[in-house]
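**Q** Shown below is the structure under consideration.
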Amino acid sequence: MNIKIIKNNSGISILEVIVAIMIIAMGLVGVLSLVIQNVKAQYINKNVLIASGLAQEGLELARNIRDLNWLTPGNTYGNIASGAYTMDYRGLTSVSTVSSIDDPGARLYVDSNGFYTNTASGNTPTNFYRLITVVNNTDYLDVKCAIRWQDGTQNHNYTAETYLYDWR
């Protein structure tokens, strides 16, 4: 009488399980790294978009001041002269002179209506600073609007520029 012992080797060894878990873990680390980079890029892009809007608004504010007095004879560029300014959506009532973009007066705040302003009282501070620089050349105004904000320890800058001519 011959007794046959059948060996069943179809099971998974512990080594195969460990290798499979390591391969899956490496794939998940790669995906997680991609997600983290995507979130960082989204945050930076959001701030760049806000900065570009604030810079364009700064140029339009300078253009608006130039346009306010276009009927006054001899007042070619309105009430705007060479210098460094801060101003917000209120126009002439909010113009002030500052020395640099790092000046505390150049900081922007958000008011209760969601508008950006330079007035600190009762408003929420933002990371953004805005400086509008005007150079009065003979035939035109060179207007630059610089925006600066800080993410952690890194400073970011955005600048927009336009030329305003005496169009009368």
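**Q** With respect to the numbered conditions (1) surrounded by fewer than 10 Cβ atoms within 10 Å (Cβ to Cβ); (2) at pLDDT below 85, which one is the sole condition not fulfilled by I14?
**A** Here I14 meets the rest and fails (2).
**Q** How many of the residues making up the stretch 136-158 are at pLDDT below 90 and over 17 Å from I44 (Cβ atoms)?
**A** Residues meeting the conditions: 6.
**Q** I want to confirm something. Restricting to the stretch 14-61 and keeping residues that are among the hydrophobic types (A, V, I, L, M, F, W, C) and in contact (Cβ under 8 Å) with a residue 40 or more places away in the chain, which single residue is farthest from N157 (Cα to Cα)?
**A** In this case the residue turns out to be L61.
**Q** Only one of D166, D142, D103, D111 is in contact (Cβ under 8 Å) with a residue 60 or more places away in the chain, surrounded by fewer than 18 Cβ atoms within 10 Å (Cβ to Cβ) and charged (D, E, K, R); which?
**A** Numbers: D142 fails: in contact (Cβ under 8 Å) with a residue 60 or more places away in the chain; D103 fails: in contact (Cβ under 8 Å) with a residue 60 or more places away in the chain; D111 fails: in contact (Cβ under 8 Å) with a residue 60 or more places away in the chain.
The match here is D166.
**Q** Out of curiosity, is Q37 surrounded by 10 or more Cβ atoms within 10 Å (Cβ to Cβ) and at pLDDT 95 or above?
**A** no
The values are calculated or read from the model by the stated rules, or taken from the named source; none is laboratory data. This one's a predicted model, so the numbers in the text were calculated from it and none came from an experiment. Cβ: placed from backbone, ideal geometry, glycine included. Neighbour counts: every protein chain shown.
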